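Quick notes on the structure that follows.
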Amino acid sequence: MLDFQKISNMLPVANANFRFLRSHGLIYVDKTKYVYNLAYNNRPRVLVRPRRFGKSTLMSALEELFLHGVKPYDGHDSYFKGLAVEELWQDTGRYYVLHLDFYNLNLQCSSFDQFESKIKTVLDDFALQHQLDIKASAPDFSSKFESLLQMLPDYSLVLLADEYDAPLLYRLKDNEEKQKAAAFMQALFGLIKSYSEKYRCVFVTGITRYQDLGLGTAGGSFTDITHDPNFSACCGYTRAELKQYFADNLRYSAAYRLHIRDEDITEEQIDALLDALSQWYDGFCFDRYQEQKVFSTWSVLRFLGDQRAELQPYWTTEESLGMPQLLKTYIERLNLSELLKETYSGGFCITFDEFIQSSLANPEANPYALLFQTGYLTLTEPFLNGDPIYLDCPNREISMAFANLLSRRMFSRQFRYTVGYGKRTVEILASLNSCKIQAYFNELFAAIPYEQYPVHSESMVAALINFHLRGAGLSPRCEVSESTGRADAEIDFRDQELTLVFEYKYEQSADPKQLEAKLQEAIEQIKSRQYGLTADSEHRIVRFALVFCGDPSQRRIARLEQVDQICR
């Protein structure tokens, strides 16, 4: 029988440092083939990923490789023993390795001057450690770093900058501080370019591209590998990696959820659990060919460390995939009425030019292009240079976090899309009680400020309800054209083998006869077009028709009726 405490203690949750994970015997998903590819080429590279996705572990593995190689040292085995890079790495050179963790250096700094003082101290310590005589009195980071570079032999410095954009992202609302941070980053990029002969390797990570920050051509010497298929799974976990490295944790979670002994769990039951995890935490795609998707590292580890094995959102808007101030800035730029329509139509689309030209410095920049970088939106189709880029929320967890974030602007009475709220939504819909469902939907419409979001069409009714359902953790499939044979929403409850079908109608008049006529129209449409019956599902199918009354005296769901219940 599996010991939960023992296997959960093996999860790499509390510390992301590669050397710590290996020295303490914690689970390390072997990403060293990517580490080797990063180390092999000396051209500066930048990688953008959401926070808590494994960038720091990747960075610290690269640091360890350049510091000590793959041979045993200091009386212990190499930390790369048994990993992919052990057979690949042949470089025996000795390098100066400067690792700058901008995120942690920036913590508890109330001003940019404090941050710069910290990073100058890091350079002084580095110079002292390696007996390099740099200018101790250099007035700023740029001068001190340039002095250091001049002392180093050619092809000798490994520069690793983790979360390089943190100093600027935390200062977006203070123009003077923001300008100082931007000047610092431009100087750093400039010294990388001007002293290119000094570097053996330069690797920079962040949650935004330098273009998105309005830094102009500062990063022109870098190769952006963010959407390079060769690095698509360098952060995050693939499904195969979860099965290989977390087999005991998955077995325990599956057994707990099914209330059976872990030794009786079958491979089919493990796969069923992975299917459920995929709906909640998978779907992030950083591969421009859209061939590889990965799970959120943080969310999966939190789930596997939860003894109750409960599927729930682990990201909140406060503890979000991007910096809170950055997300607030993006959200302020959104046209929420347009967003609702695009959510209803099945996703978002930006042009390639909008992606290339996106920048916080540009008030006309498409906010979806910026949200793409933070992880709230991800690729849903392949793209090449010049192609339109199709995006959507990657999974239920992010849909809930996104909706929670937007609800703060959208609703006069705030909706909080929590686990409890999601459970209530599921319970009410799965009850199949028409009165309860009608009252529940009307809670939503009562919270909408009509002067900003007037509900004046069937599509607006559908957009608001479906946005709300996504925020509660559901994934309604929506009709994007009449030829699809799909209703305004089809919602699967897999654990109950149930599919709900909704057809929404809008009627401006409060006349009971006209409302009833519109309801009958919806019922006939459901039946004649066989809504829900074309889906590849063995579920019980329950179909509902509803009518929203737009009369100012009502503005609510005035009719809701179950059409039929079909067992397949």
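The values are calculated or read from the model by the stated rules, or taken from the named source; none is laboratory data. It should be emphasised that the depicted structure is a prediction, and the values quoted were computed from it without experimental measurement. Note that each Cβ is placed from the backbone with ideal geometry, even for glycine, and that neighbours are counted across all protein chains shown. Please note that ligands, DNA and RNA were not included when accessible areas were found on the heavy atoms of the full protein model with its side chains. Shrake-Rupley method; radii C 1.70, N 1.55, O 1.52, S 1.80 Å.
What the table below lists for this structure:
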quantity	calculated
In Å², nearest 10: area of residue 456 left accessible to a 1.4 Å probe	120 Å²
Positive dipole terminus of the chain, leading residue within 340, 382, 37 (C-beta point charges)	340
Accessible area per residue, Å², the chain with all protein chains present, probe 1.4 Å	42 Å²
Dipole-positive endmost among 522, 369, 550 within the chain (Cβ charges, Cα centre)	550
Region 209-350: mean projected area of Cα convex hull, nm²	11.4 nm²
Cβ-Cβ FRET estimate between residue 13 and residue 130, R0 fixed at 35 Å, reported to 0.05	0.55
With all protein chains modelled, accessible area of residue 427 [1.4 Å, Å²]	120 Å²
Hits among lysines - C-alpha to C-alpha of residue 293 under 17 Å, sequence gap 8 or more where chains match	31, 55, 243
Alpha carbon centroid spacing (whole Å) that separates region 376-448 from region 513-530	26 Å
In region 232-261, the trypsin sites (Lys or Arg not before Pro) that fall in loop regions by DSSP, at most 12 other Cβ within 10 Å	261
Point-charge dipole on Cβ atoms (K/R +1, D/E -1) for region 18-70, about Cα centre, debye to 20	280 debye
Accessible surface of the chain [probe 1.4 Å, protein heavy atoms]: carbon and sulfur percent	46 percent
Calculated [θ] (222 nm, deg cm²/dmol) that DSSP helices of n ≥ 4 give over the chain, each run adding -39,500 (n - 2.57)	-12500 deg cm²/dmol
Formal net charge of residues neighbouring residue 105 (Cβ-Cβ distance under 11 Å; K, R +1; D, E -1)	-2
Hull volume in cubic angstrom per residue (convex hull over the Cα atoms of region 428-525)	121 Å³
Region 140-269, Cα convex hull volume normalised per residue, Å³	174 Å³
Relative contact order of the chain, defined on C-alpha pairs under 8 angstrom at six or more residues apart (%)	11 percent
For region 360-464, the spread of Cα positions along each principal axis, largest first, Å	51, 31, 25
Angstrom value of the Kirkwood radius, inverse mean 1/r, which spans all Cα pairs in region 1-133	17.1 Å
Nearest-20 debye value, region 1-94 charge dipole, Cβ charges on Lys, Arg, Asp, Glu	480 debye
Sites residue 221 and residue 333 - FRET efficiency at Förster radius 25 Å, r taken between beta-carbons, to 0.05	0.25
Within the chain: Cβ-based charge dipole about Cα centre, in debye rounded to nearest 20 (Lys, Arg +1; Asp, Glu -1)	780 debye
Calculated FRET value between residue 520 and residue 456, using beta carbons and R₀ = 25 Å, to 0.05	0.70
Label point distance in nm, residue 493-residue 150, each placed 7 Å from Cα along Cα→Cβ	7.3 nm
